[in-house]
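The values are calculated or read from the model by the stated rules, or taken from the named source; none is laboratory data. Only a predicted model underlies this, so the values are computations on that prediction, with no experimental measurement involved. Using ideal geometry, Cβ is built from the backbone for each residue, glycine included, and neighbour counts are taken over all protein chains shown. The accessibility values were calculated without ligands, DNA or RNA, using every heavy atom of the protein model including side chains. Shrake-Rupley method; radii C 1.70, N 1.55, O 1.52, S 1.80 Å.
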Amino acid sequence: MSVTDQLIKFAAVTPPKDAMTMMRLSLFDWAVCGIAGARAPDFDEFVAAQLTRGQGPATVIGGGTAPAATAALINGTLSHALDYDDTHFAHIGHPSVAVIPAVLALAEEVDAPMREVAEAATIGIEASILTGLWLGRAHYQVGYHQTATAGAFGATLATARLLGLDPSEMRHALGLCASMASGLKAQFGTMAKPLNAGLAARTGVEATLWAQAGMTAAHDGMAGPLGFAATHQGQNEDIRPGKGDWHITTISHKFHACCHGLHAMLEALGDLRLTSDDVSGIHIRTHPRWMSVCNIAEPTTGLAAKFSYAQTAAMKLAGHDTGAIASFCDAICTDDEVRALRGKVKVSQDDRLTETQAEITVTESTGALRRLRHDLMTPMSLAERAEKLGAKGVALLGDARADDLWQIAQGENLRDLTDQLLMS
């Protein structure tokens, strides 16, 4: 059975309780990141330009309404603007920012109940991870951004389920998506990286609506001859949708406002605080894959700082809160103490480490050594995860707003959620 056939069959599955629980946590996290992202001025002109293209029933984060495809584009971009949203390391992608905006945009158009929205989003997030696994590491390593590519297929399947497309229409929707899914890692550290997420969400909406309207595509645009895998370094890895534990249950949420590849290192540093005078050297060892993703040696902007081992390690040791959006400003790149610490950082790859691990050796001026290590896959209970996500929401939005949003994300009223998204 081809991956297209497997995904079409998977679209009809009822998600298990643990998968739905994690999706609700990610829904809250996505909304928090989107609202906070809309408050940053970087994308104001982009949003304003999109809103001139016409009115529609779908909510735009921060205020306004638009056609579903436009709202998905804006909301996907804004929710990834801060690079603070969830990740899955099985394929190294951000699933929620591609899938949830697409589902919400069409849910408003058809007045879908929250339960159906949650189920469709869960299916889509799982499908995006499965598609990323099917494409394999070669697809990511050659330069494709899985959030944009695998995420587009997840957004398509989620919206196709929500609108009740039949298997034939779903096949065409996935085929249409295969001609549109795109996004490059070359954009990391620029505004085009969050745009990748928005484009994936918009692709999901458009592929589904076009297929529903009767547009056809290749019988297997994903795995067939000259299809997506064949032309995008896909490895056609075997996947088994719905078998065993769902991948969504091992989503990793961010508690530092930077690239997730840096988080194991930051967690390993913990509460350690040292000045440049205290340190003669800092050696960070990481999985080889991250060397081309988040190892900008001397960033000059706050955005680029989010993709720098040396910069974020220096910030952490100097006492700057890497969980705070405001910490990642242009000025932090020219801070004298941060620059001094940054200059003492060496980053090297270590094939023994997994993509979720980091090891650090700090050599103090006295000659004393500190050896630190962390693995992001260290189990975290749902209660602990919920507590940390709640604290993150409070830090970004304030107590009252975060508390309201938490209750809404766990509830059954879609209108309450969209009303919250409209508020600046």
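Which Cys in the chain stand alone, with every other cysteine's Cβ at 4.7 Å or more from theirs?
CYS33, CYS177, CYS258, CYS329, CYS333
Loop only by DSSP, 12 or fewer other Cβ within 10 Å of the Cβ. Give me the chymotrypsin sites (Phe, Trp or Tyr not before Pro) in the stretch 129-159 that pass, ordered by residue number.
none
Sorted by average packing, counted as other Cβ atoms within 10 angstrom per residue and highest first, what order do 80-91, 324-335 take?
Values: 80-91: 24.4, 324-335: 15.7.
Top to bottom by mean Cβ count within 10 Å: 80-91, 324-335.
Karplus couplings for the stretch 228-245 from phi (6.51 cos²θ - 1.76 cosθ + 1.60, θ = phi - 60°), rounded to Hz, Gly and Pro as x?
Once θ is set to phi - 60°, the couplings for the stretch 228-245 become 4, 4, 5, 9, 10, 6, x, 9, 6, 5, 6, 10, 9, x, x, 9, x, 5 Hz.
What list of ³J(HN,Hα) values in whole Hz, one per residue of the stretch 211-220 in order, does the Karplus curve 6.51 cos²θ - 1.76 cosθ + 1.60 (θ = phi - 60°) give from phi, with Gly and Pro shown as x?
Ordered by residue, 3J(HN,Hα) equals 5, 5, 7, x, 6, 10, 8, 4, 4, 9 Hz.
With unit charges on the beta carbons (Lys and Arg positive, Asp and Glu negative) and the dipole taken about the Cα centre of the stretch 190-314, which residue among GLY227, THR216, SER308 sits farthest to the positive side?
The residue sitting most towards the positive pole is THR216.
Distance check, please: which entries in LYS306/LYS346; LYS193/LYS306; LYS9/LYS193; LYS17/LYS185 exceed 23 angstrom between their Cα atoms?
Correct reply: LYS9/LYS193; LYS17/LYS185.
Determine Rg/Rh for the stretch 171-226; Rg is computed over alpha-carbon atoms and Rh is the Kirkwood hydrodynamic estimate from the same atoms.
Result: Rg/Rh = 1.07.
For LEU397, what charge total do you get from the other residues with a beta carbon under 11 Å from its beta carbon, if Lys and Arg give +1 and Asp and Glu give -1? Don't skip to the end; give the middle numbers.
On the way: positive: ARG39, LYS392, ARG401; negative: ASP399, ASP403, ASP404.
Combined, the nearby Lys, Arg, Asp and Glu give 0.
So if we plug the beta-carbon distance of ARG240 and MET291 into 1/(1 + (r/R0)^6) with R0 = 22 Å, what FRET efficiency do we get, rounded to 0.05?
Given R0 = 22 Å and the Cβ-Cβ separation, E is 0.10.
Could you provide, to the nearest whole Å², the per residue accessible area of the chain with probe 1.4 Å?
Values: 15940 Å² over 424 residues.
I get 38 Å² per residue for the chain.
When we measure straight from the Cα of LYS243, which aspartates and glutamates land under 16 angstrom away, once same-chain ones fewer than 8 places off are left out?
The qualifying aspartates and glutamates are ASP5, ASP18, GLU126.
Order the peptides 33-43, 51-61 from the highest to the lowest mean number of other Cβ atoms within 10 Å of their residues.
My ranking of the peptides, most packed first, is 33-43, 51-61.
Sort largest first and round to whole Å: the equivalent ellipsoid semi-axes of the stretch 44-121, each the square root of five times a Cα gyration tensor eigenvalue.
Values: eigenvalues 93, 64, 13 Å².
That gives 22, 18, 8 Å for the three semi-axes.
How many angstrom separate the Cα center of the stretch 397-424 from the Cα center of the stretch 51-77?
Answer, in whole Å: 18.
Once all Cα-Cα distances of the stretch 301-424 are split into 5 Å bins that start at 0, what whole-number percent is in each one?
In order of increasing distance, the bins hold 2, 8, 13, 15, 15, 15, 13, 9, 6, 3, 1, 0, 0 percent.
Which peptide among 1-9, 185-193 comes first, and what is the full order, when sorted by highest mean count of other Cβ atoms within 10 Å? Write down the numbers at each step before the final one.
Numbers: 1-9: 18.8, 185-193: 17.0.
Per-residue mean Cβ counts within 10 Å order the peptides as 1-9, 185-193.
Give the dimensionless ratio obtained when the Cα radius of gyration of the stretch 53-187 is divided by 2.2 N^0.38 Å. If you can, show how the numbers build up before the last one.
On the way: Rg = 14.3 Å, N = 135, 2.2 N^0.38 = 14.2 Å.
Rg over 2.2 N^0.38 Å, computed on Cα atoms: 1.01.
Mind checking the dipole of the stretch 24-169: about its Cα centre, +1 per Lys or Arg Cβ, -1 per Asp or Glu Cβ, Debye to the nearest 20?
In debye, rounded to 20, the stretch 24-169 gives about 180.
Within the set of other residues whose C-beta is less than 12 Å from the C-beta of ALA229, count the net charge using Lys and Arg as +1 and Asp and Glu as -1. Write out the running numbers ahead of the final one.
Working: positive: none; negative: ASP220, GLU237.
Counting the neighbours of ALA229, the net charge comes to -2.
Roughly how big is the chain's charge dipole about its Cα centre, with Cβ charges of +1 (Lys, Arg) and -1 (Asp, Glu), in debye to the nearest 20?
With Lys and Arg at +1 and Asp and Glu at -1, about 800 debye.
If I fit a long axis through the Cα atoms of helix 146-162 and take the longest principal axis of the Cα atoms of the chain, what angle between them do I get, 0 to 90°, rounded to 10?
Tilt of helix 146-162: around 30 degrees.
Calculate the dipole size of the stretch 251-389 relative to its Cα centre from +1 charges on Lys and Arg beta carbons and -1 charges on Asp and Glu beta carbons; express the result in debye to the nearest 20.
300 debye
Give the Debye-formula value of log10 I(q)/I(0) at each listed q (0.06, 0.11 Å⁻¹), with one equal scatterer per alpha carbon of the chain, two decimals each.
With one equal scatterer per Cα and no solvent, log10 I(q)/I(0) is -0.23, -0.77.
Express the carbon and sulfur contribution to the solvent-accessible surface of the stretch 335-424 as a percent, rounded to the nearest whole number, probe 1.4 angstrom.
48 percent
Just subtract the alpha-carbon distance of HIS232 and LEU272 from 0.36 nm times their residue separation and send over the number in nm, one decimal.
Values: separation 40, 0.36 × 40 = 14.40 nm, distance 4.28 nm.
Length gained, HIS232 through LEU272: 10.1 nm.
May I ask which residue of LEU341, SER327, ALA368 lies farthest towards the positive end of the charge dipole of the stretch 235-375, with charges of +1 (Lys, Arg) and -1 (Asp, Glu) on Cβ and the Cα centre as origin?
Of the candidates, ALA368 comes out farthest on the positive side.
For the chain, what does the helix formula give at 222 nm: sum of -39500 (n - 2.57) over DSSP H segments with n ≥ 4, over the residue count, nearest 500 deg cm²/dmol?
Helix-only estimate at 222 nm: -15500 deg cm²/dmol.
Net charge within 10 Å of SER365 by Cβ-Cβ distance, Lys/Arg positive one each and Asp/Glu negative one each, not counting SER365 itself?
Surrounding charge for SER365 is -3.
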